[in-house]
1. Per q in 0.13, 0.14, 0.15 Å⁻¹, report the Debye log10 I(q)/I(0) for the protein assembly as shown, using one uniform scatterer on each alpha carbon and no solvent.
2. Return the ratio Rg/(2.2 N^0.38 Å) for the range A:32-226, where Rg is computed over Cα atoms only.
3. In degrees from 0 to 90, rounded to the nearest 10, what is the angle of the helix A:115-141 Cα long axis to the longest principal axis of chain A?
4. Give the dimensionless ratio obtained when the Cα radius of gyration of chain B is divided by 2.2 N^0.38 Å.
5. I want the local charge near residue A:75. Using Cβ-Cβ distances under 10 Å, sum +1 for each Lys or Arg and -1 for each Asp or Glu among the other residues.
6. In the range A:119-227, which GluC sites (Glu not before Pro) fall in coil by DSSP and have 13 or fewer other Cβ atoms within 10 Å?
7. As an exercise, identify the chymotrypsin sites (Phe, Trp or Tyr not before Pro) in the range A:79-187 lying in DSSP coil whose Cβ has no more than 12 other Cβ atoms within 10 Å.
8. Counting Lys and Arg as +1 and Asp and Glu as -1, what is the net charge of the other residues whose Cβ lies under 11 Å from the Cβ of residue B:70?
Amino acid sequence: MITQTDTSTSYTTPGIAGMVSDWSADRQAFDVPWGKLMMWVFLLSDTFIFSVFLTGYMTVRLSATEPWPNPSEVFALTIAGHHLPLILIAIMTFALITSSGTMAMAVNFAYRGDKRLTVILIALTALLGASFVGMQAFEWSKLIFEEGVRPWGNPMGAAQFGSTFFMITGFHGLHVTAGVIYLSIVARKVARGDYEGKGYAIVEIAGLYWHFVDLVWVFIFAFFYLW
Amino acid sequence: MSDATTGQQHPIGIYLKVWLLLFVLSTFSYLVDFFHVQGYLRWTLILAFMFLKAGFIVAIFMHVAWERLALKYVLFLPLSAIAVLIALMAIEGDYTFLTRHLFFDP
């Protein structure tokens, strides 16, 4: 007998027919934990925020009559006598991708019930996130104190460069910082055994947030640093 | 068993492969800048690597590939509004650029 609470039999058919019956049937439309659905809704709203920021950046860059500062040169560093374009940003990108990988593994091991590895992997993710924020702080101070970039102007060209840079990377950095705190709390709760009774969906939900932060960076890296 | 009770469980191998792929794609996009690729080839490569990376993160790491169509539509249909915004603002940006040249350039 099929009951409403029995989620294991709620699945009907894949594809369009399944979607239509999911929406029209008198039961839950999404076969996911409510927390996960709420996280997805939040991430969708966050997608709009970052999209609007990046679209705003596109608009002011398109309409700027002064030359746009070349990000490849602005973010170049000289390491051991070698002039390397964008090198810090590349390292930051790799740090964030590595952290996304460790987070994916953490979710996997959480569902496998390996508490120790889960805690280690989440802690590693948070640590990589913290190092990303550290590198960003270095990048910002170099830009502010050495290059003289301000939200209202800079010596290299279009004034809009500073305002969009600080707004977009600042908002992303804020997300990474919040993520590091969020992950630290989840790691502690996993270690304490808080989720043993109710399952490890919470680790997957935290993972969704973290992957989203990495996802946003993919777009910032392409549109702001490489374009 | 359904996803609600067991969560998204997949072999570790697929995560490792996607992880490696993301590293390779990031390296490629960095090399676009390193070798000073310019013009349309640059923008095509940047966008291609960006969408590939984003796609793998969303599909595999965020498990959307295994979610139901009902959830996928909730996530992706609203994004069409952003596409409209980008198109409108591109027109607007070009217009502002042209009028600035017309009225503020000697």
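Taken together, the values in this text are just the output of simple stated rules run on the coordinates, not laboratory data. The shown structure was predicted, so the numbers you read here are calculated from the model rather than taken from an experiment. Neighbour counts are summed over all protein chains in view; Cβ atoms, including those assigned to glycine, are modelled from backbone coordinates with ideal geometry.
1. -1.04, -1.17, -1.29
2. On the way: Rg = 18.8 Å, N = 195, 2.2 N^0.38 = 16.3 Å.
Cα-based Rg divided by the globular estimate yields 1.15.
3. Taking the Cα atoms of chain A, the angle to A:115-141 is about 20 degrees.
4. On the way: Rg = 20.2 Å, N = 106, 2.2 N^0.38 = 12.9 Å.
Working it through for chain B, the quotient is 1.56.
5. -3
6. Numbers: sites: A:139, A:146, A:147, A:196, A:204; in loops: A:147, A:196.
Sites meeting the loop and neighbour criteria: A:196.
7. Numbers: sites: A:94, A:109, A:111, A:132, A:138, A:140, A:145, A:152, A:161, A:165, A:166, A:171, A:182; in loops: A:152.
Within the range A:79-187, the qualifying chymotrypsin sites (Phe, Trp or Tyr not before Pro) (loop, at most 12 other Cβ atoms within 10 Å) are A:152.
8. Values: positive: B:68, B:72; negative: A:22, A:31, B:67.
Its environment carries a net charge of -1.
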